[in-house]
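Inspection log for the structure reproduced underneath, given as structure tokens.
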Amino acid sequence: MTEQNSKSAFNLEVLDNGVGIIRIDVPNESMNVLKAEFAEQVEAIFAEVKSNSAVKSLVLTSGKDNSFVAGADVKVLDSCSTQDEVKAIAQTGQQLFDQIEGMKMPIIAAIHGPALGGGLELAMACHGRVVSDSSKTVLGLPEVQLGLLPGSGGTQRLPKLVGLQKALDMMLTGKQLRAKQALKAGLVDDMVPVSILLETAIEMALKGKPKRKPVKRGLMSTLLENNPFGRKVVFDQAAKQVMRQTNGNYPAPIKIIECIRTGIEVGYQQGLDIEAQRFSELCMTAESKALRSLFFATTEMKKETGVAGVDPLVIKKAGVLGGGLMGGGIAFVTTTKAGVPARIKDIAHEGIRNAFKYSYDILNKKVKRRFMSSSEMQKQLSLLSASTDFVGFKDSDIVVEAVFEDLTLKQKMVADIEENCKESTIFASNTSSLPIREIAAKAARPENVIGLHYFSPVDKMPLVEVIATDKTSDLTISTTVEFARRQGKTPIVVKDEAGFFVNRILGLYMNEAANIVMEGEPVEKIDKALTKFGFPVGPMTLLDEVGIDVGVKVSSILFDAFGERFTPPAAMEKLMADDRKGKKNQNGFYLYGKAAAPSLVDKLTFKRKSKQVDESVYRVLGITPSSKMSSEDIAERCVIQLLNEAARCLDEGIVRSARDGDIGMIFGTGYPPFQGGPFKYMDSYGIDNLVATLKKHQEQFGDRFAPCDSLVKMAEEGKTFY
């Protein structure tokens, strides 16, 4: 047996049966990541393999127990100043993986844990792949999420393994496959328990290069993918869908399609050439730089505690007050993501049933899709319990309150928890509008009271705002931040002021959209202007989704707190008088239910029906729609309000940093990620340009557009947020 230098990330062990095991174990990293400097190490290890006549086959595996290779080191791209440098990195990876694929001896990848990006490209260059059946094992090419494409042969190898349509789906979305899905798709050759993963890979290596079984695909897929006319349809439809979903704001997906198409229609080497070229071009785009900065920021945040130097307590049991939509969602992420037992209290058995149904429905869907076993579902459901009183709450480390937005009720909840729980139990209020200091006003232990503002739907929205009062202890802050992180959330710590951070900024944005409606601009035109700008949905759709009544309530709270610039638009009162609450009562800006259903003609002609505006809303508002403004002007008016208020919030210490503000708006509202967030966008837009634009609008529309003092000062001094 021989062993490579332990300082190398790649170590070789040769077994008596002639199988060489190459273990990847990157020093000083919690997970394996590929670095540019590894090229020489890989060359060295394969040179040793070739010179050792005892080695007849190879198994490539990880020396870490939590990952195969979680991707390439993205930081190296930021250090490149030219396209040529980036292109050279891509070409080095391509050549390295070509060398692996071209080896005469069989090479099998034994995969446990994430095999993502460059890690999956490495595995695909091997002649066979076996994966563990662990829930930790996921395979994917998520480069598109960084504004990039797979640059080491991924665009060429994946379609050969899983077919054209599956490859497009994976690369254009960054979708990750679980082990069972990867096996079904033909991406891997076998799936076994982790305990016999290496043994299975060794047996596979001893048998020689695996003969690939053709993957079963539907008749339509076969017809489309096996001829140039069918493939043209697939590529054209993929490009149309990309443009429809991204409004052309993200250049990477179209480049991915081009690389795949070149490889299939022209040839493998030409595909590699275009892949390296497009990878280098994308790396230098503003969109990729913004998305990479977001990636670094979120990675950095995961290493931080809520308060520097204050370690959190471990939450072993949680309580949830209220079995409604929010309470059910909070209980779900507590048990399924954090793995923490959650006990729900509601005054009515119906509320408890609804909370249990929330978890059951999501988990049962996963079982039906075979993403989860029935036994795993039962195991997760067993962490939920409930009662109509406080029995079982005594040992809760944290209790999250999700009852109605009523101050007296929430104060009573604080008193009840202080009476029925430990002295150290944290009381976290999921309020979207009420100041936490008022909720804690009568508390015996105000240091344990904190805000924990989730966004709906809880199981999908990644952000939570952690709201600390001046009396909240540092230990409570750090513990709550860590608890939210365990729930799979990205927490930002914000100051206790009306609307906190996200809703306060969103308030002005939504108000301005409503003002534009009252000026006669069509509802759908306003929505399209903002989705073109990059938001996932427009402001009028968002108002319908959230609830117009909720918007009115938040708007009045913000007006009471901050005065004239938050004056509620005239539209709100008129909509409420007509009982227009939005989607919840199928009466808002858009049609819902039967009124929104496609007609028989639509069905017969396969016409895709877009969302229809309820034209009667114009009568209610007392206006006649007439398109006068450009889409760019509509977007500008709404967005500069948002930017101005974001800068004001940072200046007032509502949010701790520009970084936290950018993450908060992207994860909480869907602010365009390709811009890097509002603060990144202000830097690229130019602070002086923003101030000039705000002043121009101030002259035309009034003082609600007056630039905040901090922006004016920054413009004068030539400063930026980053």
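For the range 375-423, chymotrypsin sites (Phe, Trp or Tyr not before Pro) meeting the loop criterion (DSSP other than H, G, I, E, B) and having at most 12 other Cβ atoms within 10 Å: Phe404.
The alpha-carbon of Lys166 sits under 13 angstrom from the alpha-carbons of these aspartates and glutamates, leaving out residues fewer than 8 places away in its chain: Glu225. Peptides 642-651, 55-64, ordered by how many other C-beta atoms sit within 10 Å of their residues on average, highest first, read 642-651, 55-64. Over all orientations, the range 10-284 has a Cα convex hull whose mean projected area works out to 14.1 square nanometres. Spin-label model, Asn247/Thr298: points 7 Å from Cα along the beta carbon direction are separated by 2.1 nm. Label-to-label distance for Gln237 and Val314 is 5.1 nm, based on points extended 7 Å past Cα in the beta-carbon direction. Oblate is the label for the range 27-128, because the ratio a/c of its alpha-carbon gyration tensor axes (a ≥ b ≥ c) is 1.5 or higher and a/b is not greater than b/c.
Most simply put, the chain has about 25% antiparallel DSSP beta bridges, counting only bridges with both residues inside it. Across the range 458-468, computed HN-Hα scalar couplings (Karplus, 6.51 cos²θ - 1.76 cosθ + 1.60, θ = phi - 60°) run 4, 6, 10, 6, x, 8, 9, 9, 9, 10, 9 Hz from first to last residue, x flagging Gly and Pro.
Between the alpha-carbon centres of the range 163-226 and the range 75-89 there is a gap of 32 Å.
For the listed residue pairs Lys180/Lys209; Lys175/Lys379; Lys184/Lys240; Lys136/Lys184; Lys316/Lys337, the alpha carbons are over 20 angstrom apart in Lys180/Lys209; Lys175/Lys379; Lys184/Lys240.
Give the Rg/Rh ratio for the range 262-320, taking Rg as the radius of gyration of the Cα atoms and Rh as the Kirkwood radius, to two decimals.
In the range 262-320, Rg relative to Rh is 1.37.
With both partners inside the range 318-495, how many of the DSSP beta bridges are antiparallel, as a percent to the nearest 5? In the range 318-495, approximately 15 percent of DSSP beta bridges are antiparallel ones. For the range 73-193, the normalised intensity computed at q = 0.10, 0.11, 0.23 Å⁻¹ comes to -0.30, -0.36, -1.38 (log10 of I(q)/I(0), Debye sum over alpha carbons, equal scatterers, no solvent). Scalar couplings 3J(HN,Hα) for the range 630-643, obtained by applying the Karplus form with A = 6.51, B = -1.76, C = 1.60 to θ = phi - 60°, are 7, 4, 5, 5, 4, 4, 4, 4, 6, 6, 5, 5, 4, 5 Hz; x denotes Gly and Pro. With R₀ fixed at 30 Å, the C-beta to C-beta distance from Leu223 to Val537 puts the FRET efficiency at about 0.25. Evaluated over the Cα positions of the range 639-722, the convex hull gives a direction-averaged projected area, one quarter of its surface, of 5.1 nm². Amide H contacts under 5 Å for Ile467: Gly451, Leu452, His453, Val494, restricted to partners 5 or more places along the chain or on a different chain, H placed in the peptide plane at 1.01 Å from N. Estimated from helical segments only, the mean residue ellipticity of the chain at 222 nm is -15500 deg cm²/dmol, where each DSSP H run of four or more residues counts as -39500 (n - 2.57). If you wrap the tightest convex hull around every Cα atom of the range 432-572 and split its volume per residue, you get 114 Å³. If you sort the three axes of the alpha carbon gyration tensor as a ≥ b ≥ c, you get a/c of 1.5 or more for the range 143-259 and a/b above b/c, which makes it prolate. Note on Lys75 and Asn17: with the Förster distance fixed at 30 Å, the Cβ-Cβ geometry gives a FRET efficiency of about 0.15. The distance from the alpha carbon centre of the range 236-257 to that of the range 1-74 is 38 Å, rounded to a whole number. Cross-link reach is defined here as a Cα-Cα straight distance under 12 Å, omitting same-chain residues fewer than 8 places apart; for Lys525 the aspartates and glutamates meeting it are Glu632, Asp633. Considering only DSSP beta bridges with both partners in the range 396-468, what is the antiparallel share in %, to the nearest 5? Of the beta bridges lying entirely in the range 396-468, close to 35 percent run antiparallel.
Taking a spot 7 Å from the Cα of Glu101 along the direction of its beta carbon, which residues of the range 277-312 have an amide N less than 16 Å from it? In the range 277-312, the label zone of Glu101 (backbone N under 16 Å from the point 7 Å along Cα→Cβ) covers 277. Of the trypsin sites (Lys or Arg not before Pro) found in the range 316-378, the ones in coil according to DSSP and having at most 12 other Cβ atoms within 10 Å of their Cβ are Lys316, Arg369, Arg370. Under the combined filter of DSSP loop state and at most 14 neighbouring Cβ atoms within 10 Å, the range 459-542 retains these GluC sites (Glu not before Pro): Glu519. Subtracting the Cα-Cα distance of Glu564 and Glu85 from their residue separation scaled by 0.36 nm leaves 167.1 nm. In terms of its C-alpha gyration tensor, the range 490-543 comes out oblate, because a/c is 1.5 or above while a/b does not outweigh b/c. Label positions at Ala286 and Glu632, each projected 7 Å from the Cα along the C-beta direction, are separated by 1.3 nm. Hydrodynamic estimate: the Kirkwood radius of the chain over Cα pairs, inserted into Stokes-Einstein at 10 °C and 1.306 mPa s, corresponds to D of 56 µm²/s.
For the range 318-495, the Stokes-Einstein estimate of translational diffusion at 37 °C and a viscosity of 0.692 mPa s comes to 204 µm²/s, using the Kirkwood hydrodynamic radius over alpha-carbon pairs.
None of the figures in this text is laboratory data; all of them are computed from the coordinates on show. Every value quoted in this text rests on a predicted model; they were computed, and no experiment measured them. Virtual Cβ from ideal backbone geometry, glycine too; neighbours counted across all protein chains shown.
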